[in-house]
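The values are calculated or read from the model by the stated rules, or taken from the named source; none is laboratory data. Quantities reported herein were computed from a predicted structural model and do not represent experimental measurements. Every residue, glycine among them, receives a Cβ derived from its backbone with ideal geometry; neighbour counts consider all protein chains shown.
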Amino acid sequence: MHHFDAIEGIVRLRTAGRIAVAAAHDDHVLQSIWEVYRKGYAHPILIGDKEKIFAIADQLGIDVSTMTIIKEMDERKSAEIAVTLVQNGEADAIMKGLLQTADLLRAVLERDKGLRTTGLLSHIGLYEVYGYSKMLFVTDAGINIAPDLKQKVEIIRNAVFVARSLGVTTPKVAVLAAVETVNPNMPSTLDAAALAKMGQRGQIRDCVIDGPLAMDNAINLEAARHKHVTSEVAGDADILLVPDIEAGNILVKTLIFLNKARSCGVITGARVPLIVTSRAESSEAKYYSILLALAMLGQSDPERRGLS
């Protein structure tokens with residue numbers, strides 16, 4: 001897949017998904033959800049301040065009168081309602097509106113009433129980067145601060161699931177570090193080597209993993225050759241696994257603000273995709289984040305069958 005338009009091509013062929021929007025009284029969110037609704041890609045369920053929703057819709061010149069709207073003034077309760085809709089089989093994904101991400105995740109992760117699975121929540125960003133041969137997944141730049149080896153396994157599994165939902169049958173995973181050699185003084189290189197070996201032995205399936213790889217030889221074949229890095233992943237990575245959230249945050253913001261990369265993302269690891277965007281993100285990023293979540297619907301995850 002080379003361009004974001006390919007995501008829309010996948011969604012166009014699918015049955016419309018049902019998206020519960022928690023605290024939907026937000027102009028950016030309503031604008032983006034309207035775009036997927038008018039094209040027939042999704043059936044939104046708007047939860048929030050009903051009067052504000054209609055007032056914002058009037059200002060934007062969009063028609064929400066045919067959408068399902070649930071009046072709820074309390075933002076935290078709107079997140080709980082969204083979770084309940086999923087539990088009752090009435091919604092297929094959840095989108096964050098005008099509420100704190102922590103409040104949404106609290107409802108999702110609530111032990112008795114939430115949407116926990118046996119896996120780990122993680123963020124997967126997708127980037128259309130000028131000069132690279134295909135779209136690039138980056139994880140985890142949004143949820144897990146300093147993941148250990150066990151958590152990195154789950155993060156890879158989540159990213160592979162998302163990539164396969166978009167038709168990348170056997171994604172190539174580059175485990176990033178500052179160098180491409182194992183250094184006992186750099187824990188990220190030890191984790192990378194362990195993950196690569198786990199991939200070779202089939203402990204992490206449906207992908208090819210290599211690491212440690214520095215950023216240059218993960219995405220540039222000439223750089224890999226110059227450093228004598230021989231690898232199926234080097235220079236051709238689909239997924240970049242960053243060592244921690246700080247490295248991930250710096251990487252993705254560099255892609256967006258210096259490279260002008262198009263971006264979208266989703267949180268996965270719960271029973272349904274979570275569309276969690278910030279107000280700083282463009283309307284295009286929000287739109288494609290919704291499409292990314294819709295593309296994941298109906299896809300089975302063999303790595304994580306049970307629910308906790």
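Tell me yes or no: at least one residue of the stretch 26-41 is part of a helix (DSSP H, G or I), acidic (D, E), modelled with pLDDT of 95 or more and out of contact with any strand residue (DSSP E or B) (no Cβ under 6 Å at 6 or more places or on another chain). No, the stretch 26-41 contains no residue that is part of a helix (DSSP H, G or I), acidic (D, E), modelled with pLDDT of 95 or more and out of contact with any strand residue (DSSP E or B) (no Cβ under 6 Å at 6 or more places or on another chain).
Based on this model, can you work out whether S165 counts as surrounded by fewer than 22 Cβ atoms within 10 Å (Cβ to Cβ), farther than 16 Å from V276 by Cα and at pLDDT below 95? It would help to see each step written out before you state the result.
Working: surrounded by fewer than 22 Cβ atoms within 10 Å (Cβ to Cβ): no; farther than 16 Å from V276 by Cα: yes; at pLDDT below 95: yes.
Here the answer is no, as S165 does not meet what is asked.
Residues that are in a helix (DSSP H, G or I) and of a type outside the set (S, T, N, Q) do not occur anywhere in the stretch 168-182.
Note on the stretch 53-75: residues that are farther than 18 Å from H43 by Cβ, hydrophobic (A, V, I, L, M, F, W, C) and in a loop (DSSP other than H, G, I, E, B) amount to 1.
Exactly one residue out of R14, R18 is in a loop (DSSP other than H, G, I, E, B), among the basic types (K, R) and within 23 Å of Y288 (Cβ to Cβ): that is R14. The combined condition, being at pLDDT 95 or above, touching a Pro at 6+ places or on another chain (Cβ under 9 Å) and β-branched (V, I, T), is not fulfilled by V138.
The set of residues from the stretch 204-245 being out of contact with any helix residue (DSSP H, G or I) (no Cβ under 7 Å at 6 or more places or on another chain), without any contact (Cβ under 8 Å) to a residue 12 or more places away in the chain and not in a loop (DSSP other than H, G, I, E, B) comprises R225, H226. Residues in the stretch 141-152 that are surrounded by 23 or more Cβ atoms within 10 Å (Cβ to Cβ) and in a helix (DSSP H, G or I): K152 alone.
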